[in-house]
Amino acid sequence: MLSLDKSEILRYLGFRKKAELTVEISNMIDELVTLAQEVAKPRYFYRIFDLRVDKQTRQVEILGTELILTGKSITSHLQKAKKVVLLVVTLGMEIERKIHQYSVNDETKAVILEAICNDYVEKVCDLAQTDLRDELGDGWILNRRFSPGYGDLPLSVQAKFLEIMQASKKLGIYLNENCLMIPRKSVTAILGVFENKSI
């Protein structure tokens, strides 16, 4: 079971000082962390691809697929990468339903559970990245996660990204009409794989 970070949860909730935190809210956070760990079904899936970066057109072609990433931000992010990783993470629909249930009858718990799940999904991303590093071995390093919608990479690439990753079949993730993922506590990310020059 993944350990969640209460200080990060408080940051998501907008708390700046411990003095602002009441015993009641602190206990509620602890209770909902336990609930999230019991109800959520965290899963992830990644694939490693070759890539072609064109600085002139500011395009990154994910070779062997129809996915083309556009924009200065993602071109810079992957400029010297030898390979690229596409990562998909979700906490599942069960926790989504629980958040919705609280939003109807207990808004405070809904807000706290949202914050907990924000931390939770990031922790699952970190776990996936650790597994990925282990698979790649010491000769390679990864840069930070970069998601559709960051910088000038359009959110509209989400559809093709999820299609390539077979995310609906493998993880039960779908897009709504605004290119937002359902379950909402899901993440797509792009990571560059670089040679480890220190070895």
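Below is a table of values for the structure above.
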| quantity | calculated |
| --- | --- |
| Ala81 among the small types (Gly, Ala, Ser), closer than 12 Å to Ala36 by Cα, in contact with a Phe, Trp or Tyr (Cβ under 7 Å, 6 or more places away or on another chain) and crowded, with 19+ Cβ neighbours inside 10 Å | no |
| Residues satisfying the stated conditions in region 98-110, i.e. more than 19 Å from the chain's Cα centre (by Cα) and assigned to a helix (DSSP H, G or I) | Lys98, His100, Gln101, Tyr102, Ser103, Val104, Asn105, Glu107, Thr108, Lys109, Ala110 |
| Residue tally, condition surrounded by fewer than 16 Cβ atoms within 10 Å (Cβ to Cβ), small (Gly, Ala, Ser), on the phi < 0 side of the Ramachandran plot and part of a loop (DSSP other than H, G, I, E, B), over region 133-164 | 1 |
| Whichever residue in region 1-32 is closer than 15 Å to Ala110 by Cβ and hydrophobic (A, V, I, L, M, F, W, C) and, among such residues, is nearest to the chain's Cα centre (by Cα) | Ile9 |
| Subset of region 171-199 (residues that are under 17 Å from the mean Cα position of the chain (by Cα) and assigned to a strand (DSSP E or B)) | Tyr174, Leu175, Met181, Ile182, Ser186, Val187, Thr188, Ala189, Ile190, Leu191, Gly192 |
| Complete set of residues in region 86-122 that are surrounded by fewer than 17 Cβ atoms within 10 Å (Cβ to Cβ) and among the basic types (Lys, Arg) | Arg97 |
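Since every read-out is calculated from the coordinates, none of them should be taken as a lab result. If you're wondering where the values come from, they're calculated on a predicted model, not measured in any experiment. Using ideal geometry, Cβ is built from the backbone for each residue, glycine included, and neighbour counts are taken over all protein chains shown.
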